[in-house]
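K.L.:
If you scroll down you'll find the structure; I have some questions about it.
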Amino acid sequence: MVTLLTDVRRARRIAEQVPDPELPMLTLADLGVLRGVEIAADGTVVARLTPTYSGCPAMAEMRAGVAARLRAAGFDRVDIRTVLDPPWTTDWITPAGRRKLAEHGIAPPMAAPVLPPGPVPLNLSPTRRTVPCPRCASVDTEETSRFAATSCKALWRCRTCREPFEYVKEI
């Protein structure tokens, strides 16, 4: 039993260190997409990942990265499962992950909106938000494009330091 617990902890530590393919300064643990690691009765390491959004193209790379690192560490049987419920939210990004984003010039997301149960309300008005500049902390910023290099980020510009930056959109 001690060996099983040791193996689970070791497998978890390995999976936690896999970098995100789109935001390589973050690990899957920082991003909050690694949902769990366990060892099945037949010895298979089962890792569970949640995509940041349905159809996320990075999921194939995340699965491959976790499987490759676990196999390289000596775990012969590996099963990577996708977990969709509950859906991922930017609130799952760890404080360390938020710090790493800011250190790399990417504004971390604000708190995800809390929606009441039932039908999703439709708001046709533009969303107004203040995104602090990750370089100078000014709130005198403006969105220049709703989409950036990946669907989960937007492009912003600081009017104070005049630097462009990406913002991870809250989900």
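K.L.:
Looking at CYS136, CYS158, can you tell me which residue is in contact with a Cys (Cβ under 8 Å, 6 or more places away or on another chain) and surrounded by 16 or more Cβ atoms within 10 Å (Cβ to Cβ)?
P.N.:
After ruling out the rest, the residue left standing is CYS158.
K.L.:
For ARG99, state whether it is out of contact with any Gly (no Cβ under 8 Å at 6 or more places or on another chain), in a helix (DSSP H, G or I) and in the same structural domain as THR141 (by TED's automatic domain parsing). Full working, then the answer.
P.N.:
On the way: out of contact with any Gly (no Cβ under 8 Å at 6 or more places or on another chain): yes; in a helix (DSSP H, G or I): yes; in the same structural domain as THR141 (by TED's automatic domain parsing): yes.
Criteria met by ARG99.
K.L.:
So, in the stretch 139-155, exactly how many residues are β-branched (Val, Ile, Thr), loosely packed, with under 14 Cβ neighbours inside 10 Å and assigned to a strand (DSSP E or B)?
P.N.:
1
K.L.:
If you scan the stretch 9-22, which residues turn out to be closer than 24 Å to THR90 by Cα, in contact (Cβ under 8 Å) with a residue 24 or more places away in the chain and more than 12 Å from the chain's Cα centre (by Cα)?
P.N.:
ARG12, ILE14, ALA15, GLN17, listed by residue number.
K.L.:
Also, I was wondering about something else. Give the stretch 105-128 a look and list any residue that's assigned to a loop (DSSP other than H, G, I, E, B) and touching a residue at least 60 places away in the same chain (Cβ under 8 Å), or say none.
P.N.:
GLY105, PRO108, PRO109, MET110
K.L.:
To continue, here is another question. Look at VAL131 and say whether it is touching a strand residue (DSSP E or B) at 6+ places or on another chain (Cβ under 7 Å) and touching a residue at least 60 places away in the same chain (Cβ under 8 Å).
P.N.:
no
K.L.:
I need the full set of residues from the stretch 23-49 which are assigned to a loop (DSSP other than H, G, I, E, B) and under 9 Å from the mean Cα position of the chain (by Cα), in order please.
P.N.:
LEU23, LEU26, GLY32, VAL33
K.L.:
Any idea which of ILE93, ILE106 is within 30 Å of ILE39 (Cβ to Cβ), modelled with pLDDT of 95 or more, under 19 Å from the mean Cα position of the chain (by Cα) and surrounded by 12 or more Cβ atoms within 10 Å (Cβ to Cβ)? Explain how you work it out, then say what you get.
P.N.:
Values: ILE106 fails: within 30 Å of ILE39 (Cβ to Cβ).
The conditions single out ILE93.
K.L.:
Sort out which residues of the stretch 12-34 are of a type in the set (Asp, Glu) and either crowded, with 18+ Cβ neighbours inside 10 Å or in the same structural domain as GLY97 (by TED's automatic domain parsing) (or both), and write them in order of number.
P.N.:
Residues satisfying the conditions are ASP20, GLU22, ASP30.
K.L.:
I need a count of the residues in the stretch 52-81 that are part of a loop (DSSP other than H, G, I, E, B) and either hydroxyl-bearing (Ser, Thr, Tyr) or surrounded by fewer than 18 Cβ atoms within 10 Å (Cβ to Cβ) (or both).
P.N.:
Total satisfying the criteria: 9.
The values are calculated or read from the model by the stated rules, or taken from the named source; none is laboratory data. Model, not experiment: these values are computed from the prediction. Methodologically, a virtual Cβ is constructed for each residue, glycine included, from the backbone with ideal geometry; neighbour enumeration extends over all protein chains shown.
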